[in-house]
Amino acid sequence: MNNFHIRYGTEVADALRDGRPVVALESTIVSHGLPRPDNLRVARQIEQAVRDAGAVPATIGMVSGRLVVGLDDAELTRLATADGVTKLSVRDLAVAAATGADGATTVAATSAVAAAAGIGVFATGGLGGVHREAAQTFDESADLVTLARTPIAVVCAGVKSILDVGATLERLETLGVGVVGYRTRRFPGFFVTDGGFDLDWSVDSPERVADVLAAREQHGVHRGGLIVANPLPTDEQLDPDLHDRTLAEGLARLERDGVTGKAVTPYLLAHFHSATEGASLAVNVRIILRNADLAARIAVAAAARRA
Ligand code: PSU
Ligand code: MN
């Protein structure tokens, strides 16, 4: 595992030392995934959702080249509002640290840093994955390959339907990343409840997820990630017709504007938020808050087992 040079927030350091439940949170959704000014308010709500369920939130990011696990409110505000906050995947961390940059960590970077910090549960909105047209562009998120080698449970609402969902599931299988549905056997599609593909496994309580985490260690199969896929209830999803129209338009604009690389995901998310006049944003926020709550309850159950 990586051996990062980390500065810990005091609350997180205390909780880790005492073996109390901690949930890692990413900062890219704050800086690049959600529009301003809602992003800062939502970032604080996510942390509150973790607290309400009995765990300590550890939002991870980079401030002036220092990797921080447990950003304080001033640091969170800075990453949410400053110009020039860079989106950091694992490969970017060293360069960003050496240049003293401010940066927001993706699922990949957050997972790697959280695991190195001894945090076993991470909540996010949606995982990165295989992009449509990946057969030509080779655009596959580093989230996937990072989870292949990172021991962490990631609670998410599947992958966004802006990606190739089937190809993403195939890659997760190849990479040995476990996937369990939370009270479902269908892989969720982020904005929509059903991403269109079956899952082999379903678990129905935070305690059962904690059982799986313990069994991973007992059997020595804990060196990669476990995805806990938590779908939105159908009555809370983005209207599927609106979703399909917005997606088609977003993909066409992406091509028109020649957007590539790490700009693709933020571009498509911003398109959804403006084209649906906030409907997708409300759905996105619901997803993250629900995942933060479930992740915290899993962390609480896992800590109770260890005690
Ligand atoms: N899913 C969301 N919102 C986001 C992201 C994913 O609902 O902002 C971010 C995460 O940080 C994820 C990243 O790790 O996008 C994936 O980007 P890429 O496709 O460039 O790897
Ligand atoms: Mn990419």
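None of the figures in this text is laboratory data; all of them are computed from the coordinates on show. The structure displayed is predicted, hence computed values, not measured ones. Here the Cβ positions follow ideal geometry from the backbone for every residue, glycine too, while neighbour counts run over all protein chains shown.
The local environment of Asp18, defined by Cβ-Cβ distances under 12 Å, has a net charge of +1 under the rule Lys, Arg +1 and Asp, Glu -1. The magnitude of the dipole of region 10-63, with charges of +1 and -1 set on the Cβ of Lys/Arg and Asp/Glu and taken from the Cα centre, is near 100 debye. When peptides 20-29, 258-267, 112-121 are sorted by average Cβ neighbour count within 10 Å, with the highest value leading, the order is 20-29, 112-121, 258-267.
Sorting 186-193, 281-288, 11-18, 122-129 by average packing, meaning the other beta carbons within 10 Å per residue, from highest down gives 122-129, 186-193, 281-288, 11-18.
Net charge in the neighbourhood of Gly176 (other residues with Cβ under 13 Å of its Cβ; Lys, Arg +1, Asp, Glu -1) is +2. Taking the Cα centre of the chain as origin and assigning +1 to Lys and Arg Cβ atoms and -1 to Asp and Glu Cβ atoms, the resulting dipole is close to 740 debye.
Please list, by residue number, everything in region 137-159 whose backbone N is under 13 Å from a paramagnetic label point 7 Å out along Cα→Cβ of Arg223. Answer for region 137-159: 148-151.
Most tightly packed first, judged by the mean number of other beta-carbon atoms within 10 Å of their residues, the peptides 175-182, 290-297 read 290-297, 175-182. With a/c under 1.5 counting as rounded, go ahead and sort the chain into rounded, prolate or oblate using the C-alpha gyration tensor (a ≥ b ≥ c being the square roots of the eigenvalues; past the cut-off, prolate if a/b is larger than b/c, else oblate). Because its axes are fairly even, with a/c under 1.5, the chain counts as rounded. Extension gain, Arg36 to Asp244, is 72.4 nm, computed as 0.36 nm per intervening residue step minus the present C-alpha separation.
Report summary: the helix-based calculation at 222 nm, which adds -39500 (n - 2.57) for every DSSP H run with n ≥ 4 and divides by the residues of the chain, gives -14500 deg cm²/dmol.
Each part reduced to its alpha carbon centroid, region 87-159 and region 191-232 end up 18 Å apart.
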